[in-house]
Amino acid sequence: MQSDLLFIRYRALTFLACAVFLCVLLGLVFIDVSWINDGVHETSLTEIAQELMLLTIALLCFVRAYRKVSLRPALTLIGGFYTCMLIRELDFVFDALSHGSWVWFALIVTAICVVIAALNPQRTVAGLAAVLRHPSWGMMSAGLLTVLIFSRLFGMQDLWRHLMPDGYSHTVKNMVEEGVELLGYGLCFFATLQYFFGAERLKLAE
């Protein structure tokens, strides 16, 4: 019974922590729109938070990949994936070099990570399976689906032009789309923390 109570307490605290974290993220959108009165653009607090979360996820994956040989190929792939997402979010920086040049940097990262994973396919498959079995994968997949699918569909201009027939506002559409992306990245970030730091306490690590 004692172990069950500890488990329930841990899950309850995790839920509350996630709730507070999401409130903080929404607060960033509120500051951008209401206080700064500048909407959600490439240098807004909302965008910066997205980029910092992606950077943190990628770094945590690469650091753990370096330290844990059995998961190195799988975590390298995952870290590379989030690095590519970060590069895409920073496309305006790479546009200073050449428009659309972010693609080439993302391809380089992809090629390096795929080669590392291909050197030991059995370990790669085993590592990916271990990640997918972890309890944090549910939240991670929800975050990815939110960013890659829902936010893209929800941010379609045709939808918002129908919602605002008398005066389409790209700022409003962009705020909603970026806010949904922020939610998705937040779920991915929290799931990453749970995977790397929460599993040991519950003895659920692979």
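The values are calculated or read from the model by the stated rules, or taken from the named source; none is laboratory data. Not measured: the values here are computed from a predicted model. Because the Cβ atoms are built from the backbone with ideal geometry, glycine has one as well, and the counts that use them run over all protein chains shown. Heads up: the accessible areas ignore ligands, DNA and RNA and are worked out on the full protein's heavy atoms, side chains in. Shrake-Rupley method; radii C 1.70, N 1.55, O 1.52, S 1.80 Å.
Counting every alpha-carbon pair across the chain, the share separated by more than 20 Å comes to 63%. Magnitude of the charge dipole for the chain, about its Cα centre and with charges confined to Cβ atoms of Lys, Arg (+1) and Asp, Glu (-1), is about 1200 debye.
Each of the peptides 190-196, 126-132 was scored by the mean count of other Cβ atoms within 10 Å over its residues; in descending order, highest first, they stand as 190-196, 126-132. Over the C-alpha atoms of segment 9-78, the Rg to Rh ratio, Rh being the Kirkwood estimate, stands at 1.15.
With r defined as the distance between the Cβ atoms of PHE150 and VAL69 and R0 fixed at 35 Å, what FRET efficiency is calculated, to the nearest 0.05?
Values: r = 36 Å, r/R0 = 1.04.
Computed FRET efficiency for PHE150 and VAL69: 0.45.
Centre-to-centre separation between the Cα atoms of segment 52-87 and those of segment 137-190: 25 Å.
The long axis of helix 45-67 is offset from the longest Cα principal axis of the chain by roughly 20 degrees.
Once the chain from ALA17 to SER3 is taken as fully extended at 0.36 nm per residue, the excess over their C-alpha distance is 3.0 nm.
Charges at C-beta only: +1 for Lys and Arg, -1 for Asp and Glu. How large is the resulting dipole of segment 114-206 about its Cα centre, in Debye rounded to 20?
360
Note on surface exposure: TRP35, TRP102, TRP160 rank TRP35, TRP102, TRP160 by accessible area, highest first, 1.4 Å probe. Computed from Cα atoms, the angle from the helix 121-133 axis to the main principal axis of the chain rounds to 70 degrees. Note: segment 104-206, Cα convex hull, 132 Å³ per residue. Between the helical axis of 170-193 and the dominant principal axis of the chain, each derived from Cα atoms, what acute angle in degrees is found, rounded to the nearest 10? For 170-193 against the chain, the angle is about 10 degrees.
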